[in-house]
1. I'm told ARG75 meets every condition in (1) of a type outside the set (Val, Ile, Thr); (2) in a helix (DSSP H, G or I); (3) crowded, with 24+ Cβ neighbours inside 10 Å except one. Can you identify the failing condition by its number?
2. State which residue pairs qualify: first residue on the phi > 0 side of the Ramachandran plot and assigned by TED's automatic domain parsing to the domain that holds THR99 and inside the stretch 71-85, second residue of a type in the set (S, T, N, Q) and modelled with pLDDT under 95 in any location, beta carbons under 9 Å apart, and separation of 6 or more residues or different chains.
3. State all residues of the stretch 83-123 that are part of a loop (DSSP other than H, G, I, E, B) and closer than 26 Å to THR249 by Cβ; if no residue qualifies, say none.
4. Test each condition in (1) surrounded by fewer than 20 Cβ atoms within 10 Å (Cβ to Cβ); (2) assigned to a loop (DSSP other than H, G, I, E, B) for SER61 and report the one that comes out false.
5. At least 1 residues that are surrounded by fewer than 19 Cβ atoms within 10 Å (Cβ to Cβ), polar (S, T, N, Q) and modelled with pLDDT of 95 or more in each: list the helices (runs of 4 or more DSSP H) lying fully within the stretch 135-254 that qualify.
6. Name the residue that is surrounded by the most Cβ atoms within 10 Å (Cβ to Cβ), counting only residues in the stretch 46-55 that are of a type outside the set (Gly, Ala, Ser) and under 26 Å from GLU101 (Cβ atoms).
7. On the given criteria, is GLY130 surrounded by 24 or more Cβ atoms within 10 Å (Cβ to Cβ), in the same structural domain as ASP25 (by TED's automatic domain parsing) and modelled with pLDDT under 95?
8. Working only within the stretch 270-298, note down all residues that are of a type in the set (A, V, I, L, M, F, W, C), surrounded by 12 or more Cβ atoms within 10 Å (Cβ to Cβ) and either part of a loop (DSSP other than H, G, I, E, B) or under 19 Å from the mean Cα position of the chain (by Cα) (or both).
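The values are calculated or read from the model by the stated rules, or taken from the named source; none is laboratory data. Note that this is a predicted model, so its numbers are computed, not measured. Cβ placement follows ideal geometry from the backbone for every residue including glycine, while neighbour counts extend to all protein chains displayed.
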Amino acid sequence: MNQLQRIGWIGTGVMGSLMCGHLMDHGYPMTVYNRSREKAASLIERGARWAETPAEVARQSDIIFTMVGLPSDVREVYFGENGVLAGVKTGAVLVDMTTSEPTLAVEISKAAADLGCSALDAPVSGGDVGARNATLSIMVGGDARAMARVEPLLAHLGRTIVHQGPAGAGQHAKMCNQVVIAGTMIGVCEAMVYGHRAGLAMETVLESISGGAAGCWSLQNLAPRILRRDFAPGFMVEHFIKDMGIALTEARRMSLAMPGLALVEQLYLALKANDGGRLGTQALVLALEKINNLQPPA
């Protein structure tokens, strides 16, 4: 099976390189592309073939995964002069794991179908921890037969893999995920600020509340990083701002009011304006500390 499925991977950033590595660990022959070749160096050293363009990846692959940054990057990777659709072979499956626009996912699916291929939108949740441990939640939109073909590979990347419906449904499901995360992140960070101002030992507080009704992924995984003043990105602020923008745009299109999400977006935009765009999402606490003129813990 592994020898028959030639895999292409485009986008070897923080999460992409980990996910691609899992497939290589299971013996799949791999061709990779990234705008910065040095970010793919570790995969190349492990035996991945380097391609100069996304089109070249597509020509050498039966299943092509993409994991890039912004919807504009997704569009360029697929529709650019040297993009995936310029090199893809009949019968290939394209799997975009970027968190992107549902409408763009539909557009890619239609373009792939015109070329005799299938396309899935399969964004993930779980951050760098989930990518490293292959415990991601993967939300898939697109043709069910293509999903069945790709599911054995997705099983090497995640623990929860759910087909959400037709093209674009995976991206809509991811927007639901991001709305929840936005709410929990502000709750976690406000709790940290409150506890610090109240003079509590926050390690002890976390021990109590993590096991109760407040328990959530962000509290368990990101609150300890805040205590260590570790703001390295598992997921960057600027990427989260992109996701919230997509969700708010879709909400407006559906005539939905999302005041909580809009508030959190504004706080993250303030954080980005203060040079926090490349930090992890847990750095939201910095914006709240600034608003409250609160000195960080020693």
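1. Status for ARG75: all satisfied but (3).
2. none
3. Filtering the stretch 83-123 for residues part of a loop (DSSP other than H, G, I, E, B) gives 83, 88-92, 97-101, 115-117, 122-123.
The answer is GLY83, MET97, THR98, THR99, SER100, GLU101, ALA122, PRO123.
4. Among (1) surrounded by fewer than 20 Cβ atoms within 10 Å (Cβ to Cβ); (2) assigned to a loop (DSSP other than H, G, I, E, B), SER61 violates only (1).
5. By residue number, 169-197, 202-209, 237-253.
6. At the first step, the residues of the stretch 46-55 found to be of a type outside the set (Gly, Ala, Ser) are 46, 49-50, 52-54.
With under 26 Å from GLU101 (Cβ atoms) added as a condition, the list becomes 53-54.
Values: THR53: 18, PRO54: 26.
In this case the residue turns out to be PRO54.
7. Working: surrounded by 24 or more Cβ atoms within 10 Å (Cβ to Cβ): yes; in the same structural domain as ASP25 (by TED's automatic domain parsing): yes; modelled with pLDDT under 95: yes.
It is true that GLY130 is surrounded by 24 or more Cβ atoms within 10 Å (Cβ to Cβ), in the same structural domain as ASP25 (by TED's automatic domain parsing) and modelled with pLDDT under 95.
8. Let us first name the residues in the stretch 270-298 that are of a type in the set (A, V, I, L, M, F, W, C), namely 270-271, 273, 279, 283-288, 291, 294, 298.
Those still in the list that are surrounded by 12 or more Cβ atoms within 10 Å (Cβ to Cβ) too: 270-271, 279, 283-288, 294.
LEU279, ALA283, LEU284, LEU294 - these are the residues of the stretch 270-298 that are of a type in the set (A, V, I, L, M, F, W, C), surrounded by 12 or more Cβ atoms within 10 Å (Cβ to Cβ) and either part of a loop (DSSP other than H, G, I, E, B) or under 19 Å from the mean Cα position of the chain (by Cα) (or both).
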